[in-house]
Amino acid sequence: MYTVFVTGPLASGKRSACLYLALQGFSHIDADELAKEFLDDELVKAQLLEAYGTTICDDTGRINRARLAELAFATEGSSDALNGIIWPLVEARLSDLIVGNSCQFDRSEERLAVEIAMLAEAPALLDLADAVLCITADEHIRINRALDRGMRLEDVQNRMALQASDEDRARICDAVIENNGSLDQLYTKLDTWLASARQEHLF
């Protein structure tokens with residue numbers, strides 16, 4: 001199985017890249033979606049309530065993801081607290097899905113794209129990747145994209161400040177794709193990367 005981890009900063013285009021790779025025959029795992037699944041775990045919920053208080057719950061008692069994100073990404077300390085609770089679980093789940101007993105992929109034929117923003121912060125996961133692809137974009141473009149999604153400017157700036165630097169990501173990436181233009185331009189660059197990988201008989 002050929003596994004590519006797709007990383008990059010907020011609103012760089014990781015999801016668009018992975019969805020395009022899915023159209024080219026890749027399976028797709030989203031690390032953020034795995035993290036959200038753990039929010040329904042009672043032990044995780046108890047730890048989050050201790051760290052952030054009861055205001056993170058909605059009227060039904062479930063974790064309000066938007067409120068949790070607002071608090072968790074406000075400072076480096078609050079972000080570290082969230083990552084300390086959730087991230088070891090996500091790492092273990094990813095490992096199990098890719099190489100463990102829960103793997104449902106054909107290890108001889110499958111191509112897998114793993115969408116993961118925090119790869120530079122989790123170097124142990126690099127052992128699971130055959131390649132790391134970084135999607136980048138200029139900061140003002142990423143800010144505008146995030147605002148178009150409905151995020152508040154303060155939240156966007158807080159998240160960006162807490163993410164790994166471009167230099168940190170560059171050190172772990174095998175290829176970097178700039179995504180300052182249209183989706184068609186991104187797809188063309190991905191096609192070039194795919195053609196190069198096939199030429200090298202990576203898959």
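Listing for the model above:
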| item | result |
| --- | --- |
| Pick from the stretch 102-120, criterion of a type in the set (D, E, K, R) and surrounded by 16 or more Cβ atoms within 10 Å (Cβ to Cβ), ranking: modelled with the lowest pLDDT | 110 |
| Any hit, the stretch 45-64, residues being part of a helix (DSSP H, G or I), under 19 Å from the mean Cα position of the chain (by Cα) and either farther than 20 Å from residue 18 by Cα or without any contact (Cβ under 8 Å) to a residue 24 or more places away in the chain (or both) | no |
| Answer residue from the stretch 168-201, given it is assigned to a loop (DSSP other than H, G, I, E, B) and small (Gly, Ala, Ser) and is surrounded by the fewest Cβ atoms within 10 Å (Cβ to Cβ) among those | 182 |
| Selection within the stretch 17-36 - assigned to a helix (DSSP H, G or I), touching a residue at least 24 places away in the same chain (Cβ under 8 Å), more than 9 Å from the chain's Cα centre (by Cα) and surrounded by fewer than 18 Cβ atoms within 10 Å (Cβ to Cβ) | 22, 36 |
| Residues (surrounded by 12 or more Cβ atoms within 10 Å (Cβ to Cβ) and of a type outside the set (Asp, Glu)) located in the stretch 37-52 | 38, 39, 44, 45, 47, 48, 49, 51, 52 |
| Subset of the stretch 130-140 that is outside any helix (DSSP H, G or I) and out of contact with any helix residue (DSSP H, G or I) (no Cβ under 9 Å at 6 or more places or on another chain) - its residue that is surrounded by the most Cβ atoms within 10 Å (Cβ to Cβ) | 130 |
| Tally of residues being without any contact (Cβ under 8 Å) to a residue 40 or more places away in the chain and in contact with a strand residue (DSSP E or B) (Cβ under 7 Å, 6 or more places away or on another chain) across the stretch 165-202 | 2 |
| Count of residues meeting criterion [over 21 Å from residue 81 (Cα atoms) and either assigned to a helix (DSSP H, G or I) or of a type in the set (Asp, Glu) (or both)] in the stretch 141-167 | 11 |
| Single condition residue 84 does not satisfy, out of (1) more than 19 Å from residue 162 (Cβ to Cβ); (2) out of contact with any strand residue (DSSP E or B) (no Cβ under 7 Å at 6 or more places or on another chain); (3) not basic (Lys, Arg) | (1) |
| All positions within the stretch 53-79 that are exposed (fewer than 15 other Cβ atoms within 10 Å of the Cβ) and touching a Leu at 6+ places or on another chain (Cβ under 9 Å) | 53, 55, 62, 65, 75, 76 |
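The values are calculated or read from the model by the stated rules, or taken from the named source; none is laboratory data. Note that the structure is predicted; figures quoted are calculated from it, not measured. All Cβ positions, glycine included, derive from the backbone under ideal geometry; neighbour counts span all protein chains shown.
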